[in-house]
Amino acid sequence: MKPPRTYRKDTSAAPRGYSSWEAAGLLWLAEAQEQGGARIAQLQDVDLDHIDLLQYDAGPSTNLHADGLGVALAAMHAAGAPAFGAPPARWTSHGFVGPADSPLPMPLQPTERWGEFFGEQRIRHMLQLGRAQGLWEDDSTLFERVADRLVSGEFDDGRPPARLHGDLWAGNIIWTREGPVLIDPAAHGGHAETDLAMLLLFTAPHIARIIAAYDEAAPLADGWQERVGLHQLFPVMVHAVVFGGDYVRQSVEMARAYA
């Protein structure tokens, strides 16, 4: 029998611990597959400078596979997490988000309420990183007001923490003939709408069918469409800090909508 083909992700330029952080996320998300959760790339090996994953052959993205992904994401989220901001099992430190060669630190402090978690550990944390680079000097009060509204509980809906992929943009889905496979997580406990908002941010294939299938399997809360930009604010701020350019202006416009 031939050994499985593997894909090696080079993490030699990443901070120490990055490989173990991502591996912990892959394993944690894969646990949800037993309850019908999304297919997660199979971890083959992990070391300080690399992660080896099973190699998957790309296939077409189809309506049927998109429907299946929506249902599977609902099941993955339903597997839950101990708290908002909780790290994946087998991991006890902060996480990372952004390019593997220069990721940003991502706080992971278990928190009882989603708004407090997202306001402090996502919006204010990224605002602090941006200020250190000279970003948002004239607009920081907008982000502070968004964080204040979040922390106050204005956007809390009482739903329990979901088991999030955490970086679910279209490029982190491998479409195969057997169905989609998720890669490169920034897994943690959060709000289910965050993963869906990320899919909408960079427009995953068949996104309308994915959302519709998800909503049928696990009905979304009223007004979720109006909160999409709120959940997208963090990844856009990450892009502003990492890449600069138009992402800075886009993040300010998004913050203004929720300030």
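For region 89-112, state whether one or more residues are surrounded by 20 or more Cβ atoms within 10 Å (Cβ to Cβ), assigned to a helix (DSSP H, G or I), more than 15 Å from the chain's Cα centre (by Cα) and of a type outside the set (Val, Ile, Thr).
No, region 89-112 contains no residue that is surrounded by 20 or more Cβ atoms within 10 Å (Cβ to Cβ), assigned to a helix (DSSP H, G or I), more than 15 Å from the chain's Cα centre (by Cα) and of a type outside the set (Val, Ile, Thr).
Given the criteria at pLDDT 95 or above, of a type in the set (A, V, I, L, M, F, W, C), farther than 26 Å from Val248 by Cβ and touching a helix residue (DSSP H, G or I) at 6+ places or on another chain (Cβ under 8 Å), does Leu164 qualify?
Answer is no for this residue.
Exactly one condition in (1) open to solvent by less than 20 Å² (accessible area, probe 1.4 Å); (2) in contact with a His (Cβ under 9 Å, 6 or more places away or on another chain) is false for Pro161; which is it?
(1)
So, of the residues in region 26-71 that are among the small types (Gly, Ala, Ser) and out of contact with any strand residue (DSSP E or B) (no Cβ under 7 Å at 6 or more places or on another chain), which turns out to be farthest from Ala187 (Cα to Cα)?
This residue is Ala66.
Identify all residues within region 204-254 that are buried (at least 18 other Cβ atoms within 10 Å of the Cβ), over 19 Å from the mean Cα position of the chain (by Cα) and within 30 Å of Glu137 (Cβ to Cβ); write none if there are none.
Within region 204-254, Val248, Val252 meet the criteria.
Determine which single condition Leu201 fails, assuming it passes every other condition in (1) more than 14 Å from the chain's Cα centre (by Cα); (2) open to solvent by 30 Å² or more (accessible area, probe 1.4 Å).
(1)
If you go through region 106-128 one residue at a time, do you hit one that is in contact with a Ser or Thr (Cβ under 6 Å, 6 or more places away or on another chain), under 19 Å from Pro15 (Cβ atoms) and not charged (D, E, K, R)?
no
Where in region 114-205 are there strands (runs of 3 or more DSSP E), lying fully within it, with 1 or more residues that are aliphatic (A, V, I, L, M)?
162-164, 173-176, 179-182
The values are calculated or read from the model by the stated rules, or taken from the named source; none is laboratory data. No experiment lies behind these values; they were computed from the predicted model shown. All Cβ positions, glycine included, derive from the backbone under ideal geometry; neighbour counts span all protein chains shown. The area values use the complete protein model at the heavy-atom level, side chains included, leaving out ligands, DNA and RNA. Shrake-Rupley method; radii C 1.70, N 1.55, O 1.52, S 1.80 Å.
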